[in-house]
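For reference, the structure discussed in these notes is given below.
The values are calculated or read from the model by the stated rules, or taken from the named source; none is laboratory data. Fair warning: this is a prediction, and the values are worked out from it, not measured in the lab. Every residue, glycine as well, gets a Cβ built from its backbone with ideal geometry; the counts of neighbours run over all protein chains shown. In case anyone asks, the SASA skips ligands and DNA or RNA and just uses the protein heavy atoms, side chains included. Shrake-Rupley method; radii C 1.70, N 1.55, O 1.52, S 1.80 Å.
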Amino acid sequence: NQIVGLTKVEVNYSRPAIRGRIIMGDLVPYGEIWRTGANANTTISFSDNVKVGGKNLKAGMYSIFSRPGISMWEIFFYKSDNSRLPREWDTNKVAAVLEIDTIKLDQTKEYFTLAIENISNSSANIEMTWENVKISIPLEVPTEEKTMASINKTMRGKPTASDYYGAAIYFRETGRDLKKAKKWIANAIDMD
């Protein structure tokens, strides 16, 4: 589990190992849909609406399937409660399809790994690595929208000195209306 900005991202997957086998193009065939892990489906859930690879995804849980290729993988975010690859692929359950270029690794990664990396206040990367391949999917979260909605709601009510101070700091750090930020700091000082 990770928090990216204000959004909870939860990943569940099994970690198969190489164990001396050839993985890409053999155990995981090129051009065929793979459940992107071992045993039950790999799943990812988001507490908010997000963007993956520039495509909108609603809050919720998705199975991650992939169609590996030598230089590019298709990644499918599939709305399903199954624990296995569906017998019949339902295109209506595909919430997003991405084409992600592969990155060649210099060192072999023994275990399949899925991690949330390069976390910032509004973005991260969903990274999958195994054998000598890495896939990095850009993730954008709605931190700014959620923060502004909270500030606007708070300021319409009865803000405390702490509310004024927090909102002013956010406005200053994000280069927003500095006159408003200055007024809010003055309100915080007056109330304190």
Subject >> Test set (1) part of a strand (DSSP E or B); (2) surrounded by fewer than 19 Cβ atoms within 10 Å (Cβ to Cβ) - residue 63 fails condition number >> reply: (2)
Original post:
Among the residues of region 173-189, which ones are open to solvent by less than 100 Å² (accessible area, probe 1.4 Å) and either of a type in the set (Asp, Glu) or part of a loop (DSSP other than H, G, I, E, B) (or both)?
Top reply: 174, 175, 176, 177
**OP:** Exactly one condition in (1) over 22 Å from residue 37 (Cα atoms); (2) at pLDDT below 95 is not met by residue 123; state its number.
**Re:** (2)
Original post:
If you check 22, 3, 44, 70, which single one turns out to be assigned to a strand (DSSP E or B) and either over 11 Å from the mean Cα position of the chain (by Cα) or over 21 Å from residue 90 (Cβ atoms) (or both)?
Top reply: 3
**OP:** Could you please give the count of residues in region 77-118 that are open to solvent by 80 Å² or more (accessible area, probe 1.4 Å), within 19 Å of residue 134 (Cβ to Cβ) and in a loop (DSSP other than H, G, I, E, B)?
**Re:** 1
**OP:** Might you check whether a residue that is touching a Gly at 6+ places or on another chain (Cβ under 7 Å) and of a type in the set (S, T, N, Q) occurs anywhere in region 95-109?
**Re:** no
Subject >> Contacts under 9 angstrom Cβ, first residue in region 24-35 being of a type in the set (Asp, Glu), partner surrounded by 13 or more Cβ atoms within 10 Å (Cβ to Cβ) and assigned to a loop (DSSP other than H, G, I, E, B), 6 or more apart >> reply: 32/68
Original post:
How many residues are acidic (Asp, Glu), over 11 Å from the mean Cα position of the chain (by Cα) and within 30 Å of residue 66 (Cα to Cα) when one looks only at region 117-156?
Top reply: 1
Original post:
Which pairs do you get when a residue that is of a type outside the set (Phe, Trp, Tyr), found in region 165-192, comes within reach of a residue that is open to solvent by 50 Å² or more (accessible area, probe 1.4 Å) and part of a helix (DSSP H, G or I), reach meaning Cβ atoms under 6 angstrom, with the pair 6+ apart or on two chains?
Top reply: 168/185; 181/172; 188/165
Original post:
Which residues, taken from region 86-102, are in contact (Cβ under 8 Å) with a residue 40 or more places away in the chain, out of contact with any Asp or Glu (no Cβ under 9 Å at 6 or more places or on another chain) and either within 19 Å of residue 60 (Cα to Cα) or among the basic types (Lys, Arg) (or both)?
Top reply: 96
**OP:** Please verify whether region 147-161 includes one or more residues that are touching a strand residue (DSSP E or B) at 6+ places or on another chain (Cβ under 8 Å) and either exposed (fewer than 14 other Cβ atoms within 10 Å of the Cβ) or assigned to a strand (DSSP E or B) (or both).
**Re:** no
